[in-house]
Amino acid sequence: MRLFGPPRDVEPTSRGWSSRSLPQRWRDLRAQEGARAALIAMGSTVVFFTIVIWAVLSSPTWPKVQKQFFSGAHFAKVWPDVLAGFWLDVKMFLVAEALILIISLIIAVMRSLHGPVYFPLRILAVGYTDLIRGIPLLLLLLLLGFGVPALGLHGVPSSPVFWAVASLVISYSAYTAEVYRAGIDSVHPSQRAAARSLALSQGQSLRYVVLPQAVRNVIPPLLNGFVSLQKDVALVSILGAREAVREAQIYAALNFNNTGLVAAALLFLAVSVPLARFTDWYAERDRRRRSSGMLV
C-alpha cells in the first residue's frame with residue numbers, strides 16, 4: 001500500500017497532479033520521440049543541402065557553369081522548342097507502353113504454357129527474352145535505327161521515330177515479359193488445378209483464373225517499368241528524332257549554350273517524379289491491403 005506520494009498513474013504538472021493512463025502516456029512518449037526525430041531529420045537535411053550548395057557556389061568555375069547551363073535568357077529562347085520536342089517524347093512513350101504491355105503478356109503466356117505440344121512456343125519465348133535482354137538498348141537503337149533503313153527494303157519504314165519506338169518495344173517487352181511470368185508463377189498451382197477440375201481448358205484457366213491474379217501481383221513492378229521507359233525515351237535522340245534532348249542539342253550547337261539540356265531535364269522530372277511517387281503510394285497501399293488480409 002502506498003502511504004505517501006501520488007498514485008502510480010498520477011504525475012505532477014504545473015497546475016498540480018493529473019491522472020493519465022499508461023497507454024495514454026505511452027502514446028505521448030511516442031509522439032515526443034516522433035517530433036524529436038522529425039526535428040533531427042529537418043536539421044540534418046538543411047545542413048546537408050547547405051553544405052552542397054555552398055560547395056557548388058564556392059567553386060571557382062561556377063560563374064562559367066552558371067552562364068553555360070543556367071542562363072535565364074537562353075532558357076526563355078530554347079523552352080518552346082524543347083517543349084515541342086518533349087511532346088514527341090510523350091507520344092512515343094504512350095505508344096510504346098501500350099504495345100509493350102500487350103506483346104510482353106503474349107510472350108509470358110507462351111512461356112507459361114504446359115504440355116509437350118507447346119514446347120516450340122516456350123523455346124521461342126525463352127530465346128527472345130535471353131537474346132534481347134543481352135543487347136543494350138542503346139546498341140539496339142543504333143542497329144535498328146541505322147541498319148534496317150540502310151537496307152532499302154521496299155515497304156519498310158525509314159523514319160527514325162518508327163525505329164525508335166520499335167527498339168523500345170522490342171527491348172522493354174523482353175523485360176516486362178519476365179515481370180508477367182513472375183506474376184504467373186506467384187499464383188499457387190492449386191488455382192490452376194482447381195480451374196482444370198472444373199473442365200476449363202488451359203487457355204480458359206489462364207484467362208479467367210491465373211492472369212487476373214498474376215497481373216494484380218505485378219502492378220508495382222510494372223509501374224516501375226513505366227518510369228524507366230519514360231526516361232529511356234530520351235535515348236532516341238541519337239537517331240536524329242527531334243525530341244526534347246535533340247532540340248536542346250541543336251540549340252547548344254547553334255548558340256554554344258547548354259541551358260536547353262536543363263530545360264529538357266526539368267520536363268522529364270515533371271513526369272517521372274509524380275510517376276515514382278504514385279508507384280510508391282500504390283506499392284504501400286498494396287502491402288497494407290495484403291497484410292490486413294483484404295487480398296488473397
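The values are calculated or read from the model by the stated rules, or taken from the named source; none is laboratory data. The model shown is predicted, which means the values in this text are computed figures rather than measured ones. All Cβ positions, glycine included, derive from the backbone under ideal geometry; neighbour counts span all protein chains shown. Ligands, DNA and RNA are excluded from the accessible area calculation, which covers all protein heavy atoms including side chains. Shrake-Rupley method; radii C 1.70, N 1.55, O 1.52, S 1.80 Å.
Some notes on this structure:
- Members of the range 252-296 found to be in contact (Cβ under 8 Å) with a residue 24 or more places away in the chain and within 17 Å of the chain's Cα centre (by Cα), listed by number: LEU267, PHE268, VAL271, SER272, LEU275, ALA276, PHE278, THR279, TYR282, ALA283, ASP286
- Residues that are hydroxyl-bearing (Ser, Thr, Tyr) number at least 2 in the following helices (runs of 4 or more DSSP H) confined to the range 93-184: 119-133.
- Scanning the range 162-200 for residues that are within 30 Å of LEU239 (Cα to Cα), touching a helix residue (DSSP H, G or I) at 6+ places or on another chain (Cβ under 7 Å) and not hydroxyl-bearing (Ser, Thr, Tyr) turns up TRP163, ALA164, VAL165, ALA166, LEU168, VAL169, ILE170, ALA174, ALA177, GLU178, VAL179.
- GLN249 being open to solvent by less than 50 Å² (accessible area, probe 1.4 Å), in contact (Cβ under 8 Å) with a residue 12 or more places away in the chain, part of a helix (DSSP H, G or I) and not hydroxyl-bearing (Ser, Thr, Tyr): no
- Enumeration of residues in the range 254-269 that are closer than 12 Å to ALA244 by Cβ and open to solvent by less than 70 Å² (accessible area, probe 1.4 Å): GLY260, LEU261, VAL262, ALA263, ALA264, ALA265, LEU267, PHE268
- Summed over the range 63-92, residues that are of a type in the set (Phe, Trp, Tyr), in contact with a helix residue (DSSP H, G or I) (Cβ under 7 Å, 6 or more places away or on another chain) and part of a helix (DSSP H, G or I) total 4.
- Residue within the range 83-90 that is modelled with pLDDT of 90 or more, touching a Lys or Arg at 6+ places or on another chain (Cβ under 9 Å) and crowded, with 17+ Cβ neighbours inside 10 Å present: yes
- Residue, most open to solvent (accessible area, probe 1.4 Å), within the range 152-175, restricted to residues that are aliphatic (A, V, I, L, M) and within 28 Å of VAL109 (Cβ to Cβ): ILE170
- Residue satisfying condition, being open to solvent by 20 Å² or more (accessible area, probe 1.4 Å) and modelled with pLDDT under 85, within set GLY203, GLY225: GLY203
- Cβ pairs under 8 Å, 6+ apart, first in the range 111-127 and without any contact (Cβ under 8 Å) to a residue 12 or more places away in the chain, second assigned to a helix (DSSP H, G or I): TYR118/MET110; LEU121/MET110; LEU121/ARG111
- Taking (1) of a type outside the set (Lys, Arg); (2) open to solvent by 70 Å² or more (accessible area, probe 1.4 Å); (3) assigned to a helix (DSSP H, G or I) in turn, PRO60 satisfies each apart from (3).
- Failed condition for LEU140, given (1) open to solvent by 70 Å² or more (accessible area, probe 1.4 Å); (2) of a type in the set (A, V, I, L, M, F, W, C); (3) touching a residue at least 24 places away in the same chain (Cβ under 8 Å); (4) within 18 Å of SER104 (Cβ to Cβ): (1)
- Residue satisfying all of: in the range 229-246; over 10 Å from ASP89 (Cβ atoms) and not in a helix (DSSP H, G or I); least open to solvent (accessible area, probe 1.4 Å) among these: GLY240
- Some residue of the range 110-119 being closer than 23 Å to ASP232 by Cα and under 30 Å from the mean Cα position of the chain (by Cα): no
- Of everything in the range 104-134 that is exposed (fewer than 13 other Cβ atoms within 10 Å of the Cβ) and of a type in the set (Gly, Ala, Ser), the residue that is farthest from ILE219 (Cα to Cα) is GLY115.
- The set of residues in the range 171-206 that are charged (D, E, K, R) and either under 19 Å from LEU99 (Cα atoms) or touching a Leu at 6+ places or on another chain (Cβ under 7 Å) (or both) comprises GLU178, ARG181.
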